[in-house]
Structures are given as structure tokens and as C-alpha cells.
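> Pasting in a structure now, in C-alpha cells, and then I'll have a few things to ask.
The values are calculated or read from the model by the stated rules, or taken from the named source; none is laboratory data. None of the values given here were measured: they were computed from a predicted structure. As a convention, Cβ positions derive from the backbone with ideal geometry for all residues, glycine included, and neighbour counts pool all protein chains shown.
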Amino acid sequence: MVMALISLLPWLQNCLSFLFSVFTTIFLLFSLLLLLLRSRPWCNCHVCKAYLSSSWTGEFTNLCDWYTHLLRQSPTRTINIHVLGNTVTANPDNVEYMLATRFANFPKGKPFSSLLGDLLGRGIFNVDGESWQFQRKMASLELGSVSVRSYAFHIVSAEVRRRLIPLFTSVSDGGGAAAAAAAAGVIDLQDVFRRFAFDNICKISFGLDPGCLEASLPISEFAAAFDTASRMSALRGTAVAPAVWKLKRLLNLGSERELKRAIRLVDELADELIRQRRKLGYASSHDLLSRFMCSVNDDRYLRDIVISFLLAGRDTVASGLTCFFLLLSKHPEVTAAIRDEIADVIGGSGDDELASFEQLKKMHYVHAAMYESLRLYPPVQIDSKFCVEDDMLPDGTFVRKGTRVTYHPYAMGRMERIWGPDCEEFKPERWLRDGKFVPASPFKYPVFQAGLRVCLGKEMALMEMKTVIVSVVPRFDVQVLDAGRSPKFAPGLAASIDGGLPAQVRRRSSGEQTPAHGAC
Ligand code: HEM
């Protein structure tokens, strides 16, 4: 009897594993069905049809331009993309409701954390609740402290003086760096500003210098892996159903394989940076990693924390600067006004002097020009939350539990109902009253988000951008080639221009006047 039972064991094993496979398959199919039912991929409305067939590309260069068009037409300034299960709004009342009044009902949520989870882990960008509160408290203490602000200003000024100005000078003289292009006085501004922002944020976050903006414009393995990882993570967000990228990840296929490889490299390099920081000592260092090291022992958590800061501080600043110089190329009158203000504040204090922190604060017109440029080209064009419980937005839009709700800073910057009939024009004056900068409500202008999760690096980012503008504009004429063409954005977490932004750089002689018309 016992022998008979033993002989049946392999058969029983086979039966059990067969049943297990059947059960798993049914479970997977059922989950897929639920996902499909939720995202309504069959929706036949004209918006969903245009989205699925990409027919909008016939009329619009970028998805954000098409959404802007739809949002302008909507009486509530809110639309639904049913196939994506996404409610998109450009209504400031809704934005205030999501980001402040009903903050707890609109967290980042699990779907977002899973999109970026492999890259960001438990970093501030990717978490809600206690872990977010802990990191937010620590980081706001650090980023708000006078010593860290002056440490950051010192780092940024040094990068401008030692690398950015010499690079522009050598390109203008037709030599140095990226040889062939530089010979014609041409350089890719987007690439330069990415390198610049990466050096700065690595120094501020880790206290270590990757030297990406050195004269030879070296290729940084870390920067390249980081680029790939954030691009591939952003690509996940464009899939009609999350099941698509999840299956690709499970099978290690295509973009998911590339993402895995890039993240492995980011991990190795981040681990090395953490090891180096520990070896060099952290108790008296001002960088963010050292500050967090004083209260966190877990190296994986430390890695996640600083990777979020790299993501936050690199492409955003680079995107802000790139689009600023694109707009400036088309507006010589703004360039001239900036030069006048700089000359008024700094005076003729010599070619080698950079503006001090106090002098930067006095430049209201430059500040207004930065805000105006970020209004038209926000580095974070869209930002999504997930609704926890059924809710009703102030404009009367019903939001079902689990729906993705997106506010759209790019569209909001181009809404006549917020900025008036000249909303598409680049006019720094709209931010000035009696020559002084006056901010707008952050819910109308959520370029740095708003409410409880407002960007923690806003002041640092503005300081970084202003230092570059105030150092470059009086010294060089920077003319973007083909500035008249509207930019085409590449998919990514922060807005970047497809193909970069080539520009001609020419050193100015002292006392030179700004031409009345741009070359475009
Ligand atoms: C022009 C440059 C920048 C822009 C437009 C910008 C914009 C934003 C936006 C829209 C968010 C919300 C993102 C989300 O919730 O998904 C955000 C969050 C954040 N930003 Fe920035 N940012 C900039 C630069 C920086 C810099 C330089 C740093 C760091 C040094 C930084 C640190 C952060 C952090 C830590 C958060 C997360 C805040 C939280 O979740 O509580 N940002 N930023």
C-alpha cells in the first residue's frame, strides 16, 4: 500500500504543478481583464481615437501641444483620456484642491511608485506617507539652511567661472572642446547645460565632482546610465496598460532589458560614491548625502535618497536654461534689457567678476524673464497623482477611486483665461510692478508644483539659472540655429528637446550694443 502511494508521488506532483499553472494563468488573465476594463482601451470618443491612432500628430508637434488645445476648448479646462484612465486638468481651482485642500486623497500612489520604483526605490520622489515626511523634513532643513545655500552658490559660481565661461570662450574662438562643431563657433546648449547641472547636483548631493563640463567634454558613464534609466522609466508611463511593461520586465525584453542594465550601472556607481563619501568622512561635510548619513545607516536607502535628488536637480535646471536661451534668441529686446539691468547692478566691475548672491537678488528683470520662460516651457510639463477615494473636483468633474489625475503646467502657462490674450508671448514685464518682481499664485503657475509637496530645490534652481544667465548674457551673443522652429520634445521625465539645441556662440567686446533684431 505504502509502496503504491510512493509510486504515485511523481504523478501527484505533476498534477499539483499543473493545477498551480492553470490557477496562475487564470489569475493573470483575470487581472489583465480587470486592468483592461478599468482603462477602457476600446473607447470610441474622438479624443481617444486620436490618441490611439496618433492622428493628432498631423496637426501638433508635441503631445503637450495637443493636450493644450483640448484643454483650451474644454469649458471646465479638464478633459478625460478614457483609454488611459487619466483625467487631465489645467484649472487652477482643481490644482489647489489636489495639491493642498485634499492632499491626502491625491498621493503619488502605487501605480506611480511602480513606474519609477526600480530607479528611484524609496527616494522622496517616489514615496508617500512616513518615508516621504522623514525625507522632506530632513531635506527642507538642509536646503533651507543658510550654510547649504551659500555652499551651493559657491559650487555653482565655481562651475561657471572655471568651466562654463572658459568653454564658451573657447567655442567662440573656434577651438577647444567639441572640436568640429566648436570650429564653427557652434555648440549644443542642451548638452552643455546638462553637463553643467549634473556637475553641480553631484557636488551638492555627494560632495564629489564628476567633471562632465571639463574642456574635453568627457563621456560620463554615470550620466549616460542615469539618462537611459530615466528615459526608459518615463517610457513605461506611455504604455496603454501597465501590464504591457510589466510583462516586458518579467521576460526581460527590449526597453525593459535596457532599463535593467542602466539601473545596475547606476547602482554600482552610486554604491561607489557612498563608499567614497564614508571613507572621506561625512560629519562636517555640507553635501546632502553626508547630512543624511548622520541619521540613516541603510546604504540602499541612502542610494535611493540621493538618486531622487540627482533626478530632481539635473534635467530640470538644464531644461529651464536651454529653453531660456531659445526664447532669448528670438527676443533681442529682452536680451538688451537683461544686459542693462546687469550693468546697473554690477556696474563696470571688470570682466572676471561674477555677480554676488546679494547682487543677483537685486535683478528683478532677470528674475521676471526666468519666470516667464518657465511659464512657457516648464521643465516638468505634466505631473500625476492617483485618487484614493471617489471625489469631485471644484469644476464638477467626478473622479473615480484609482483614477490618475494629471495637472498640466505646460497647458496652464498657455491658457488665455489665466494669463490674458497675450498668453503665448514672451513678456517678462507681466511679472513686474513698479520694477519689482511679483509672483503669481502657485496654483496658477505650478511649475515647481505647489501645496505640501512643492519643489524643495526651487530657490537653488533659480539661483543656478540666474548665475548662468547673468554670467553668460553680458559676455556672449548666443544665437540658437533655427530658433524660429518650435521645439519638438523627446519623451522623458523632464522636458528635453529632441536632437539638442545647437547655437552659435560669439564673444562680445566691452561696450558692444545689442542688435535690435534677432538673427532668426
Ligand atoms: C527649474 C528647476 C526645477 C523645477 C522646474 C522643479 C520642479 C519640481 C516639480 C514639478 C516637483 C514635483 C514633482 C512630483 O511631485 O512628481 C518637484 C519636486 C521636487 N524637487 Fe524640484 N524642480 C527644479 C529643480 C530642483 C532642484 C535643483 C532640486 C534639488 C536640489 C529639486 C528638488 C526637488 C525635490 C526634493 C522634490 C520632491 C518634493 C517632495 O516630493 O516633497 N528640484 N520639483
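> So in segment 134-153, with the set limited to residues that are surrounded by fewer than 13 Cβ atoms within 10 Å (Cβ to Cβ) and not aliphatic (A, V, I, L, M), which one is nearest to the ligand (Cβ to nearest atom)?
Within segment 134-153, the match that is nearest to the ligand (Cβ to nearest atom) is S140.
> Now, a different point. Can you tell me which residue within segment 281-320, out of those that are more than 16 Å from S140 (Cβ to Cβ) and basic (K, R), is farthest from the ligand (Cβ to nearest atom)?
R300
> Let me ask something additional. Just one of (1) assigned to a helix (DSSP H, G or I); (2) in contact with a helix residue (DSSP H, G or I) (Cβ under 6 Å, 6 or more places away or on another chain); (3) within 12 Å of the ligand (Cβ to nearest atom) trips up P379, so point out which.
(1)
> Given the conditions (1) under 22 Å from the mean Cα position of the chain (by Cα); (2) at pLDDT 90 or above, report the number of the one that K110 does not fulfil.
(2)
> Is it true that F489 is surrounded by fewer than 19 Cβ atoms within 10 Å (Cβ to Cβ) and aromatic (F, W, Y)?
So F489 fails the test.
> Which one is nearest to S53 (Cα to Cα) among residues in segment 237-253 that are modelled with pLDDT of 85 or more and of a type outside the set (S, T, N, Q)?
Taking the candidates together, the pick is W245.
> On to the next question. Looking at (1) in a helix (DSSP H, G or I); (2) exposed (fewer than 15 other Cβ atoms within 10 Å of the Cβ), find the lone condition where G174 falls short.
For G174, the exception is condition (1).
Yes/no matrix, rows are residues, columns are (1) out of contact with any strand residue (DSSP E or B) (no Cβ under 8 Å at 6 or more places or on another chain); (2) at pLDDT 95 or above:
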residue	(1), (2)
G313	yes, no
S319	no, yes
L326	no, yes
H331	yes, yes
A337	yes, yes
S349	yes, no
D395	no, yes
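> For segment 462-476, does any single residue satisfy the condition of being touching a residue at least 12 places away in the same chain (Cβ under 8 Å), under 21 Å from V380 (Cβ atoms), within 16 Å of the ligand (Cβ to nearest atom) and outside any helix (DSSP H, G or I)?
For segment 462-476, residues touching a residue at least 12 places away in the same chain (Cβ under 8 Å), under 21 Å from V380 (Cβ atoms), within 16 Å of the ligand (Cβ to nearest atom) and outside any helix (DSSP H, G or I): absent.
> Related question: Filter segment 41-67 down to the residues that are farther than 20 Å from A241 by Cα, in a loop (DSSP other than H, G, I, E, B) and of a type in the set (F, W, Y) and list them by number.
Across segment 41-67, the qualifying residue is only F60.
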